[in-house]
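Here is the structure we will look at, set down as structure tokens.
The values are calculated or read from the model by the stated rules, or taken from the named source; none is laboratory data. Note that the structure is a prediction, hence the values are computed from the model and not measured. With ideal geometry, Cβ positions are generated from the backbone for all residues, glycine too; neighbour counts draw on all protein chains shown.
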Amino acid sequence: MNREKERWKDRFDSVRSYLTDKQTIRGARITYNILWNLLLLFIIVMVIGAGFAGGVGAGYFASLVKEEPIRPYEKMKKDIYNYEETSDLYFSNDVYLGKLRTDLYREEVKLDQVSNYLVDAVIATEDEYFYQHDGVVPKAIIRALLQEVTNSSTQSGGSTLTQQLIKNQILTNEISFERKAKEILLALRLEKFFDKREILEAYLNVATFGRNASGNNIAGVQAAANGIFGKDAKDLTLPQAAFIAGLPQSPFGYTPFSSEHGKLKEDLSPGLARMKTVLSRMHAAGSISDKEYKDAMKYDIAKDYIAKAENGSTIEEYPYLTFEIEKRATEILAKVLAKKDGYEEKDIKNDKNLRNEYLSKADRDLRQNGYKIHTTINKDIYDRMQEVAVNYPHYGNAKAEQVRNPETGVLETVMEPVELGATLIENKTGKIISFVGGRDFKREQLNHATSALRQNGSTMKPLLVYAPAMELGKLHPGSVLPDVEVYLDPGRPGVPWPHNYDLRYSGLTSVRHALTKSYNVPAVIAYKNILRYNPVSYLEKMGFTSLEKEDFVNPAASIGSIGGVTVEENTNAFGTFANEGKFIDAYLIDKIVDKDGGIVYQHKVKPVDVFSPQTSYLTLDMMRDVISRGTATAVNSRLKFSSDWAGKTGTGHEYHDSWFVATNPNVSFGVWIGYDTPKSLERYYNGLTYGVRTNYLWADLMNAAYDAAPDIVDPNERFQMPGGIVSRSYCTVSGMLPSNACSKAGLVASDLFIAKYAPSKVDDTLAVSKFVLVGGKSYFALDNTPAEFVETGGVVLNPEYMESIIGHRIKNPAQLLPQKEAWTNTLVASSKLNDNGSTPAPPKISSSGDKLTWGTHPESDVVGYRVYRGGKKVSSIKAGTALSYSGGKGEFYVTAVDVAGKESGPSNAVKIGGAKPDERQKKKEEKPKKTTDVPAAEETKPAE
């Protein structure tokens, strides 16, 4: 033991001796100095290298962001909060309709209206250090850079919520170091300007979340909550919040809905797995308890998915309405934006390029800025009308049409159904209460109520003919017009035109009756006589916007043969009469409000004076008869309520279009049916004519409106007659005041007249018992026409007055006489029979047995014949009767008498029964008398 101790002591002394040796100490000092210097040198190199690397990095970073401008607070605020928000659409009375059609649906929401679950889920998933960092997390950036450099398959992401907001709102999704550098710079700057709540709120409104239950793209947590679970963001449960928070990483990968009308995907597992990942992160961050975590992990989130997004696109349910709102709102907003820039409405109207520029700006504005667009459409009425349009059974059969396939260029046969358009307008305001754009939007997108241009047939007559003529003082309801064969087509002289729809003529008719029965001939005649006053200007005042140059001079415009008019415009024009002659333009957009509640646009009613109250009332009063006893009587048996309706039917060329438009004191309603490619409607279908089918459809649609809102379509009041209207009797052959002849013939009626234009002249077209018959025609007798040849009894009508109205001679004057009992004692005088100035030539007679006969005299002014026996007159024969005489035995001759009373010399003598000729006749035979008259033996042919 002692020996061992001694051994260790000797070793220790040896080491100590070595360490204390001067030489050893000196060597240690040298080694220390070398190592220390090397360490210092390494530290210096490292510091210098780091500084150099930092400088290089800083320089590189600076080079990446050198072109990025320094953004002031206001600019960054505008950019951050300038996220697109879809505009909302409303029916009347603030009834919500849905979202404007767009590629991305978004709804803005304030942070305090978002579930705390959702806020915690987003932070735990997207940015766990959100409340600690200043916009960026350095280690996260370094980690992301290393992963990028090493091309690592595991990408943890290095962007904070602030950076993601910058990327979405200011920069792009471009993958580059330059974009990343700008993102970091701007994120740091953003954090200096805004607090965490502002940044978080902006992010929650910006992030994309895949698709909603309608298959539309959505952004913002409110649109996501609404479109996926059918609730507001503030009402989300923990599982729902976790599901939504997981979507931004891969919106279209995790969304449960496909683009096919929002149909659920077959494989929902990616989204469900992502939801559980979010829940795990929330639990790890302490945002939820153990129990909440376990319950949420077991929850079947799929049962919460809704079948259809309530606040999604309105295209499927209301396609015609959605597109119409979009079109009109864009046009309105374009004018608003142009006005802000100093342009007037006429500027963008006259400059096509400028107009297109502002329409484009307005379209973008509507889809991005979250406007609230309020319309005039009554939802209940609109919905019920669409049901009627779909189910109406009497349209008629579809017809074949050849169309060219746009892809193959090959002609294909398709079946075109009968289409319809209908518009209901409130008279006093111009509000479009409802419309029907067509039967099937998927088949035909054209809005037949607001955009389809069609000829309006006889619905044009009150608008362009009778109301303007009354306003000008040229016609009244009691004015009389001829409905006879006329030749008024300037392009086809000698060809009868126009024709009535039944191809018959009714003779003399009052304006009231002509409108009631929809006669074409009187309407064209009346229009021709006011054409020089430019009556089409009245249509322009009443909102017709598609008139062509030819429409201003074409007589056929009077019966609806124009370039075209929409159902809306045609119906709107009828409201002018209900408004006492003031036109109020129809509108559908009531107001547009921005997302801050400011009114961007508010519609203002601007009445236009068109007709006087007197003209308007008389037009209405005549159109009442159309429904009570005219071409629209079918409405009465179909309509379930009674109102003071006044309306007009119409038929287009070759039965291509069928119309009925009517107005009462509150609303105007018009319906059109026809084929998209003009074709004739079936004259009969289901036992109903095309006109009755249109009337029934009008009534069914109006009944639907009545069921929804009777107070709107069935007012208690009636049209009130204004002052300045008087009732007067008139002669039904001319419209003038009744003469004695007119009264005796029973041809007097009464009607309403505008007082200042009431008739003042007494009828002079009728005469009592003063006419002659020649060649089957009647002519007025002259004062010196021998009474023995003048017809008596009843009255005779002079056609010259009606011929002056037509503008040419009437080929068959007898057509003037209506086939009515009151006219049985009336004849038509073709005209006054003019005296040719010479004495008629003697006629030539012959005999057969005891009967004398002779032919029609060649001179047209001969009105009768005198028969002489033995030099004594025994009979007078009228030219319009049988030219013969039977009067016993004796020597006979005949003379001709003209309208002025001049008598010819004797004809050749004819002996009947063997009697001796008298001395005078003997002398005549022995020595013929010289005369300048044409001998009977040289009788000429009768005039044609």
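How many residues are of a type outside the set (Val, Ile, Thr) and crowded, with 18+ Cβ neighbours inside 10 Å when one looks only at region 93-107?
Adding up the residues that qualify gives 8.
Would you check if there is a residue in region 776-793 being among the aromatic types (Phe, Trp, Tyr), under 14 Å from Val863 (Cβ atoms), buried (at least 19 other Cβ atoms within 10 Å of the Cβ) and modelled with pLDDT under 90?
There is at least one residue in region 776-793 that is among the aromatic types (Phe, Trp, Tyr), under 14 Å from Val863 (Cβ atoms), buried (at least 19 other Cβ atoms within 10 Å of the Cβ) and modelled with pLDDT under 90.
Do we find a residue being within 60 Å of the chain's Cα centre (by Cα) and surrounded by fewer than 14 Cβ atoms within 10 Å (Cβ to Cβ) anywhere in region 835-857?
No; the residues of region 835-857 include none that is within 60 Å of the chain's Cα centre (by Cα) and surrounded by fewer than 14 Cβ atoms within 10 Å (Cβ to Cβ).
Is one or more of the residues making up region 822-832 modelled with pLDDT of 90 or more, surrounded by fewer than 23 Cβ atoms within 10 Å (Cβ to Cβ), on the phi < 0 side of the Ramachandran plot and part of a loop (DSSP other than H, G, I, E, B)?
No, every residue in region 822-832 fails to be modelled with pLDDT of 90 or more, surrounded by fewer than 23 Cβ atoms within 10 Å (Cβ to Cβ), on the phi < 0 side of the Ramachandran plot and part of a loop (DSSP other than H, G, I, E, B).
Pull up region 680-700, narrow it to residues that are closer than 19 Å to Val626 by Cα and out of contact with any Lys or Arg (no Cβ under 8 Å at 6 or more places or on another chain), then point me to the one that is surrounded by the fewest Cβ atoms within 10 Å (Cβ to Cβ).
Across region 680-700, the extreme among qualifying residues is Leu688.
Of (1) in a loop (DSSP other than H, G, I, E, B); (2) surrounded by 19 or more Cβ atoms within 10 Å (Cβ to Cβ); (3) among the hydroxyl-bearing types (Ser, Thr, Tyr), Thr677 satisfies all except one. Which?
(2)
Step by step: first the residues of region 75-104, then only those that are modelled with pLDDT under 80 and within 18 Å of Gly227 (Cα to Cα), then the one that is farthest from the chain's Cα centre (by Cα). Which residue is that?
Glu84
Between residues in region 715-728 that are without any contact (Cβ under 8 Å) to a residue 24 or more places away in the chain and surrounded by 15 or more Cβ atoms within 10 Å (Cβ to Cβ) and residues that are assigned to a strand (DSSP E or B) and small (Gly, Ala, Ser), which pairs lie under 6 Å by C-beta distance while being six or more apart or on different chains?
Listed by first residue and then by second, the contacts come to nothing, as the list is empty.
For residues in region 401-441 being in a strand (DSSP E or B) and hydroxyl-bearing (Ser, Thr, Tyr), which is nearest to Arg384 (Cα to Cα)?
Ser434
Please go through (1) under 20 Å from Ala646 (Cβ atoms); (2) crowded, with 24+ Cβ neighbours inside 10 Å for Leu508 and return the number of the only condition it doesn't satisfy.
(1)
Does Thr631 satisfy the criteria of being in a loop (DSSP other than H, G, I, E, B), surrounded by 15 or more Cβ atoms within 10 Å (Cβ to Cβ), modelled with pLDDT of 95 or more and of a type outside the set (A, V, I, L, M)?
yes
Assess whether Glu471 counts as being out of contact with any Gly (no Cβ under 7 Å at 6 or more places or on another chain) and without any contact (Cβ under 8 Å) to a residue 24 or more places away in the chain.
Spelling it out, it is not the case that Glu471 is out of contact with any Gly (no Cβ under 7 Å at 6 or more places or on another chain) and without any contact (Cβ under 8 Å) to a residue 24 or more places away in the chain.
Of all helices (runs of 4 or more DSSP H) completely enclosed by region 266-351, which ones contain at least 1 residues that are within 28 Å of Asn369 (Cα to Cα) and not assigned by TED's automatic domain parsing to the domain that holds Gly253?
Once the helices (runs of 4 or more DSSP H) in region 266-351 are filtered for at least 1 residues that are within 28 Å of Asn369 (Cα to Cα) and not assigned by TED's automatic domain parsing to the domain that holds Gly253, what remains is 319-340, 345-350.
Evaluate the following for Tyr527: is it surrounded by fewer than 24 Cβ atoms within 10 Å (Cβ to Cβ), closer than 14 Å to Val465 by Cβ and not charged (D, E, K, R)?
Here the answer is no, as Tyr527 does not meet what is asked.
Limited to region 872-900, what total is found for residues that are under 24 Å from Lys770 (Cα atoms) and among the acidic types (Asp, Glu)?
Selection size over region 872-900: 1.
Considering only region 640-668, how many residues are surrounded by fewer than 20 Cβ atoms within 10 Å (Cβ to Cβ) and either assigned to a helix (DSSP H, G or I) or touching a Lys or Arg at 6+ places or on another chain (Cβ under 6 Å) (or both)?
Number satisfying all stated conditions: 4.
When you go through Gly421, Gly437, Gly430 one by one, which is the residue that is within 18 Å of the chain's Cα centre (by Cα) and farther than 19 Å from Leu697 by Cα?
Gly430
Results for (1) in the same structural domain as Thr881 (by TED's automatic domain parsing); (2) of a type in the set (Val, Ile, Thr); (3) closer than 30 Å to Leu488 by Cβ, shown as yes or no for each residue.
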{"position": "Pro759", "(1), (2), (3)": "no, no, yes"}
{"position": "Ser769", "(1), (2), (3)": "no, no, no"}
{"position": "Val772", "(1), (2), (3)": "no, yes, no"}
{"position": "Gly775", "(1), (2), (3)": "no, no, yes"}
{"position": "Asp783", "(1), (2), (3)": "no, no, no"}
{"position": "Pro799", "(1), (2), (3)": "no, no, yes"}
{"position": "Gly807", "(1), (2), (3)": "no, no, yes"}
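Might you let me know whether region 839-848 holds any residue that is charged (D, E, K, R), without any contact (Cβ under 8 Å) to a residue 60 or more places away in the chain and farther than 30 Å from Leu481 by Cβ?
For region 839-848, residues charged (D, E, K, R), without any contact (Cβ under 8 Å) to a residue 60 or more places away in the chain and farther than 30 Å from Leu481 by Cβ: absent.
What about Tyr868, is it assigned to a strand (DSSP E or B) and within 20 Å of Thr839 (Cα to Cα)?
yes
Does any residue of region 477-491 turn out to be of a type in the set (A, V, I, L, M), under 28 Å from the mean Cα position of the chain (by Cα) and either buried (at least 24 other Cβ atoms within 10 Å of the Cβ) or not assigned by TED's automatic domain parsing to the domain that holds Ile530 (or both)?
Within region 477-491, not a single residue is of a type in the set (A, V, I, L, M), under 28 Å from the mean Cα position of the chain (by Cα) and either buried (at least 24 other Cβ atoms within 10 Å of the Cβ) or not assigned by TED's automatic domain parsing to the domain that holds Ile530 (or both).
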